[in-house]
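Presented below is the structure to which this report refers.
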Amino acid sequence: MFFDILLYSKYEYIMEYNFEITETLSKQIAVQSSSVEEAYRIVKGLYENEKIILDASDFIEVDICERNDSSIDYFPSSNSLISPYFRSPDRAFTLLHGDCIELLKQFSFKFDMIFADPPYFLSNGGISVQSGKVVCVDKGEWDKGGTPEYMDAFNRAWINVCRQKLKDNGTIWVSGTYHNIFSIANILTEQGFKILNVITWAKTNPPPNISCRYFTHSTEFIIWARKSPKVPHCYNYDMMKQINSGKQMTDVWHLPAIARWEKTCGKHPTQKPLAVLSRIVLASTHSGAWILDPFTGSSTTGIAANLLGRRFLGIDKEEEYLILSQNRKREIEQISNFTLFRKKIRDIAILDGKGLLSMREDVFNYDLPF
Ligand SMILES: C[S@@+](CC[C@H](N)C(=O)[O-])C[C@H]1O[C@@H](n2cnc3c(N)ncnc32)[C@H](O)[C@@H]1O
């Protein structure tokens, strides 16, 4: 029997050990035979036919030994100074307020998957058309442009700290546009990630290009990478195939921008659609998985995660977005909304219709250290 055991200490470390536990049972019986080989055959036959039964009264010893191939994982102690901005009663949705690079350094935990939608550094006074009106496309102070060197340094810093928070078999998804995605791809590779795919999200309803001097921007890119080139990752291949009418899912996803029903609690300027995040969660995690979003915004990642029975930690430095996130979580705590949203997200509705979505309850043993 093999056991993976996580030892929690309030004060020092969390340590992960792999143990092999061997129980020895012993019983004496007498058989008549002309040789040792014949005795062995007779006893084996009796045992297989359940004429000899070993039970607790035959127990003589137990041996616990640490497996040689164990990957002992030490990570620094949790910091009691961290206090969540919000935690849902079901403990599946937690928010932290502050700078993700600073906060992630302060506690010990490993996530199964990370989705990050970092600032694109796009807010430089550009214009676009929304509902027939010319509008400024600036997203906020957090998105104001820096130099290419600043963007690289910022991406390097947050990717580095996220890498430390990812399990060895974990994957990271990072979304972006041509402005930042090349910087991100280079830094992921530089830090030892293996890029698995670059998803092109082709928006089925993109905003028009008012200058009429170049093609309408209708795509965003999402890089999917695993932490280690050698350790296998989770990819729910069959589920993706079911969603794609029985054909292999490709890396071009034709999905719409956010719909009205996703904005009932207000809207974040770069809010992602639940359709995109649900597919990401479904493709790369199992039920009960822990998911981190270091730039959570309106927490689309967390809502998709919870709609699919996964657990979530989101971080943002702007309080107004954490309030929006909190309200979105409260919205799906009402069972009618939970059911309605699952029906509105096509991928979930298809899998639900085929009875392919399980919500396992038995995996909730590993929890955040604050
Ligand atoms: C592109 S938006 C994410 C939108 C999100 N995917 C959604 O669906 O709503 C990026 C978010 O990162 C936050 N942010 C920017 N820099 C940050 C930092 N250093 N630490 C934490 N949050 C940050 C911004 O406030 C913004 O809400």
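Restricting to the range 189-285, compute how many DSSP beta bridges are antiparallel as a %, nearest 5. Walk me through the numbers before you get to the answer.
Working: 8 of 13 bridges.
That works out to approximately 60 percent antiparallel.
For Lys51, which lysines qualify as cross-link partners when the Cα separation must be under 20 Å and same-chain residues fewer than eight apart are set aside?
Lys27
Could you line up Val62, Val31, Val174 from fewest to most neighbouring Cβ atoms inside 10 Å? It would help to have the intermediate numbers written out before the result.
Details: Val62 9, Val31 12, Val174 26.
Least to most surrounded, the residues fall as Val62, Val31, Val174.
List His254, His97, His268, His233 from most exposed to least, where exposure is judged by having the fewest other Cβ atoms within 10 Å.
Working: His254 10, His97 16, His268 24, His233 19.
Ascending Cβ contact count within 10 Å gives the list His254, His97, His233, His268.
Among rounded, prolate and oblate, which fits the range 86-353 when a ≥ b ≥ c are the square roots of the eigenvalues of its C-alpha gyration tensor, a/c under 1.5 means rounded, and a/b larger than b/c means prolate? Could you put the intermediate results ahead of the total?
Numbers: a/c = 1.21, a/b = 1.07, b/c = 1.12.
Taking the square roots of the gyration eigenvalues as a ≥ b ≥ c, the range 86-353 is rounded.
By how many nm would the segment from Glu61 to His217 grow when fully extended, if each residue of separation counts as 0.36 nm and the alpha-carbon distance is taken off? Intermediate results must be reported in sequence, preceding the final value.
Numbers: separation 156, 0.36 × 156 = 56.16 nm, distance 6.90 nm.
Gain on stretching Glu61 to His217: 49.3 nm.
Cut-off under 16 Å on the C-alpha distance; same-chain residues fewer than 8 positions from Lys263 excluded. Which lysines are left, in chain and number order?
Qualifying lysines at Cα under 16 Å: Lys272, Lys329, Lys344.
Just rank Arg226, Arg87, fewest to most, by other beta-carbon atoms within 10 angstrom.
On the way: Arg226 22, Arg87 18.
Ordered from fewest to most neighbouring Cβ atoms within 10 Å, Arg226, Arg87 come out as Arg87, Arg226.
Near Lys227, which lysines are there with a Cα under 23 Å away, not counting those fewer than 8 places off in the same chain?
Lys105, Lys110, Lys165, Lys167, Lys194
A short reminder: the numbers here are calculations on the coordinates, not readings from a lab. The structure presented is a predicted model; accordingly, all values stated were derived computationally and were not measured. Here the Cβ is made from the backbone with ideal geometry for all residues, glycine too, and neighbour counts use every protein chain on show.
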